[in-house]
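Student: Quick one: this structure, given as C-alpha cells, is what I'll be asking you about.
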Amino acid sequence: MQFEFPEDKKFFAGILAEGDEDLLDVEYSDLFDFRHPAIKRWEFDKVSKKVLRELTEKHKSECQLRIHHECSNDDGFEPDHIIPLSSNVLNKELRHMKPEKGMKVVAQSFGSNNPRNLTLACRKCNRLKKHRILSGGILEKLLVGDVSFVDKERVRLLSLH
Ligand SMILES: [Zn+2]
C-alpha cells in the first residue's frame, strides 16, 4: 500500500499488525482507500441507507463503538468507518503540523468503504469518535465484531485525539 508518509504505514502496522508492514499489506489493505475523500463520500452516500440497514441487522441494533459514557441504542444509528475516510490526526500527532490561521490542520485520505471497514455506531459514539483513529485493542475487536469490552476500557483505548 502506498501511504503518503512512511511513518503513517508504520503507525497503522503498529495498531493493526503488531508492527509488521507486510502483514498490514496482506491482511488490511481492504480497509484503506487513498483516493480523494469526496469521491469516497460520494460513493458511500449512494449506498449508505442500504449499508445502515445491513449493519443494523448484522449487529442486532447494538452500538459497536461504546466509547461515549451515554452510549445508547435508543437514538438511532449511523454507519461508522472504522478507519476514518479522512483524518488529520497523523499530521497533528506524528508531524506536529499546526493549523494555518483560521484553518484546520489538513486532513489525509485513509479509510475505505469496504464492508470490513464499516460498523454500527450510535449517534453519540459516532460524534465522539469523529475522525479519531482508535487504538489496536479496540480496532481488532471492532473488526471481528466483538463488543465484550466494558465502556471505560474502550474510552481509555482511544490512542489519538
Ligand atoms: Zn454508542
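The values are calculated or read from the model by the stated rules, or taken from the named source; none is laboratory data. None of these values were measured; they are calculated from a predicted model. Note that we place each Cβ from the backbone using ideal geometry, even for glycine, and neighbour counts take in every protein chain shown. The protein model used for the area step is the full one, side chains on, heavy atoms only, and it has no ligands, DNA or RNA in it. Shrake-Rupley method; radii C 1.70, N 1.55, O 1.52, S 1.80 Å.
Student: Looking only at the range 93-112, which residues are open to solvent by less than 50 Å² (accessible area, probe 1.4 Å) and of a type in the set (G, A, S)?
Tutor: Selection gives S109, G111, S112.
Student: Ok, one more. What is the one condition in (1) of a type outside the set (S, T, N, Q); (2) open to solvent by 40 Å² or more (accessible area, probe 1.4 Å); (3) farther than 15 Å from E140 by Cβ that D20 does not satisfy?
Tutor: (3)
Student: To continue, here is another question. Mind telling me which of the residues K124, K92 ends up being more than 16 Å from the ligand (Cβ to nearest atom) and farther than 18 Å from R41 by Cα?
Tutor: Being more than 16 Å from the ligand (Cβ to nearest atom) and farther than 18 Å from R41 by Cα holds for just one of K124, K92, which is K92.
Student: Still on this structure, I have one more. Considering S61, S29, S86, which residue is among the small types (G, A, S) and open to solvent by less than 30 Å² (accessible area, probe 1.4 Å)?
Tutor: The conditions single out S86.
Student: Taking only the range 127-138 into account, find how many residues are more than 16 Å from the ligand (Cβ to nearest atom) and under 9 Å from I82 (Cα atoms).
Tutor: 1
Student: List the helices (runs of 4 or more DSSP H) that sit entirely inside the range 113-161 and contain at least 2 residues that are within 19 Å of E18 (Cα to Cα) and either open to solvent by less than 30 Å² (accessible area, probe 1.4 Å) or modelled with pLDDT of 85 or more (or both).
Tutor: Per the criteria, 136-144.
Student: Moving to a separate point now. What is the one condition in (1) open to solvent by less than 30 Å² (accessible area, probe 1.4 Å); (2) farther than 18 Å from F5 by Cβ that I15 does not satisfy?
Tutor: Going through the list (1) open to solvent by less than 30 Å² (accessible area, probe 1.4 Å); (2) farther than 18 Å from F5 by Cβ, I15 breaks only (2).
Student: Let me ask another. Is it fair to say D74 is open to solvent by 80 Å² or more (accessible area, probe 1.4 Å) and within 16 Å of the ligand (Cβ to nearest atom)?
Tutor: yes
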